[in-house]
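Here's the structure, in structure tokens; my notes come after.
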Ligand code: ATP
Ligand code: MG
Ligand code: MG
Ligand code: MG
């Protein structure tokens, strides 16, 4: 490839609306362009990187026995009704209508479509196991798309699904895919961790998330240096031993509070210190009920509350939505204290977070003196790593904890018979008896990986790609090509020779001033730069510099080829 015939469009300015370094650098390098909120064009440069990630993912999935296919993005409503997810999936599901007034979803994931495929295609245990995957565009109407392609609405996912006769065979393939994921992230040169995860909205038994470690990550993860203990901090409880609960300070009671109160008013009325400024967040369940809770550790609280309320699906609601639901005004909902209290609104059970807290329940009412386990069903939540620090003992008693922030780039689930049961996906076993298939599902955020890699690998000059992800491994930079045909020719010959030797190289023959050209090549993160100049030609050398080296070196042709081979 010659850059003079490519479309490279870089910028020195840091875009004002890009908060994280990957978003800034992807825009500055000209890898992506925003079309609408959470919707991006991948430029020719960006696409080269995306394709490299895809290739690694594809090859390792194939090595794990998965077969590639391609399913539609637009999916009929009826299929989603079979599993109940047309309603339950919530606001992330983009619903569209055709000219005949028939409804469709733009696929945020493909369990329904693939299970429909399986029930039509598979009839005998002899056809099992089967693992299929696709690399395909998904759409999720995220409440807060941000960080560019990191949390986009339209994004590229690798999703795989496996079908088995029993749970044991599913477990075997689950671990096979788990190992494929380890190979993928290792091969891409990323620092990552696999952690135990909640099965959340998708449901099922076992689940692990793969996180790329980066300070900008939206998740916190913890692991032990002395055992296999590793958990998403939100979910650490699921693996840890039970902790004793404090005795209740007082009986739970419902307190009448005049509607339209501020946080301060409610705190005063209940005689509870307003320890922190809290604003209310909430979960909206599929059937429209609301769990109110305070901000502050809200990710942790969200998961716990969802479990207590038995919510399979949920999303955060805005204060205005909650107020509308309660027939109140924004500002009324005012849980107080660092641990929020709650109540499931509608005719569901009361739930609360701690023994001293309050929460909005119905218009004009709050709860106080609520205690887990005593007043409310104890969820399978027992340990809390929220205040844990690196160096603390691991909850399993073996080793000490390391804690870091992570970006979720992959997720594997053992779904079991859940979807196959709902959709009647069965095969005949050896005895000729119909059996519901067991399923696994396995996702990788292909486009998110590109951003995550930059979060881990950049410097003041720009992106520093791990070699397997770079748009090109080598840039051959020509000094003054227009006025010096001999130099231009030598550079083109070197580029051709590298390409013939299988070295992924690009020729920068744009004729820019050297400073400008080098700044571009560094910004877009090319791992190896070779400068061809009249002076070098005279001396019989090329000027070579690694993206991470401080100095360049003069190398003759053979030494250069040996270095880049
Ligand atoms: P998150 O917790 O970040 O919202 P998720 O748990 O909802 O992700 P999954 O349903 O597990 O996502 O989807 C599989 C993978 O798809 C995720 O591990 C992630 O890498 C990627 N992914 C999910 N949502 C997005 C998004 N909005 N933008 C980019 N990638 C995404
Ligand atoms: Mg999500
Ligand atoms: Mg997640
Ligand atoms: Mg996930």
Scan of the range 163-175 for residues that are buried (at least 16 other Cβ atoms within 10 Å of the Cβ) and under 13 Å from residue 208 (Cβ atoms), ordered by number: 171, 174
Strands (runs of 3 or more DSSP E) completely within the range 39-133 that count 3 or more residues being without any contact (Cβ under 8 Å) to a residue 40 or more places away in the chain, buried (at least 18 other Cβ atoms within 10 Å of the Cβ) and touching a strand residue (DSSP E or B) at 6+ places or on another chain (Cβ under 7 Å): 103-106
Residue ID - nearest to ligand 2 (Cβ to nearest atom), chosen from residues in the range 438-452 that are more than 9 Å from the chain's Cα centre (by Cα) and closer than 19 Å to residue 197 by Cα: 443
Test set (1) more than 12 Å from ligand 1 (Cβ to nearest atom); (2) touching a strand residue (DSSP E or B) at 6+ places or on another chain (Cβ under 6 Å); (3) modelled with pLDDT of 95 or more; (4) more than 21 Å from residue 82 (Cα to Cα) - residue 193 fails condition number: (3)
Selection count where residues are outside any loop (DSSP other than H, G, I, E, B) and in contact with a strand residue (DSSP E or B) (Cβ under 8 Å, 6 or more places away or on another chain), scope the range 477-502: 11
Residue ID - surrounded by the fewest Cβ atoms within 10 Å (Cβ to Cβ), chosen from residues in the range 529-542 that are assigned to a strand (DSSP E or B) and out of contact with any helix residue (DSSP H, G or I) (no Cβ under 6 Å at 6 or more places or on another chain): 531
Residue ID - nearest to ligand 3 (Cβ to nearest atom), chosen from residues in the range 209-221 that are under 13 Å from the mean Cα position of the chain (by Cα) and crowded, with 22+ Cβ neighbours inside 10 Å: 209
Among (1) more than 11 Å from ligand 1 (Cβ to nearest atom); (2) in a helix (DSSP H, G or I), the one test that residue 181 misses: (1)
Evaluation of residue 216 against (1) more than 10 Å from ligand 1 (Cβ to nearest atom); (2) touching a helix residue (DSSP H, G or I) at 6+ places or on another chain (Cβ under 6 Å); (3) at pLDDT 95 or above (one fails), failing number: (3)
All positions within the range 552-565 that are out of contact with any strand residue (DSSP E or B) (no Cβ under 7 Å at 6 or more places or on another chain) and in a loop (DSSP other than H, G, I, E, B): 556, 565
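The values are calculated or read from the model by the stated rules, or taken from the named source; none is laboratory data. Just so it is clear, the structure is predicted and the values come from calculations on it, not from any experiment. Using ideal geometry, Cβ is built from the backbone for each residue, glycine included, and neighbour counts are taken over all protein chains shown.
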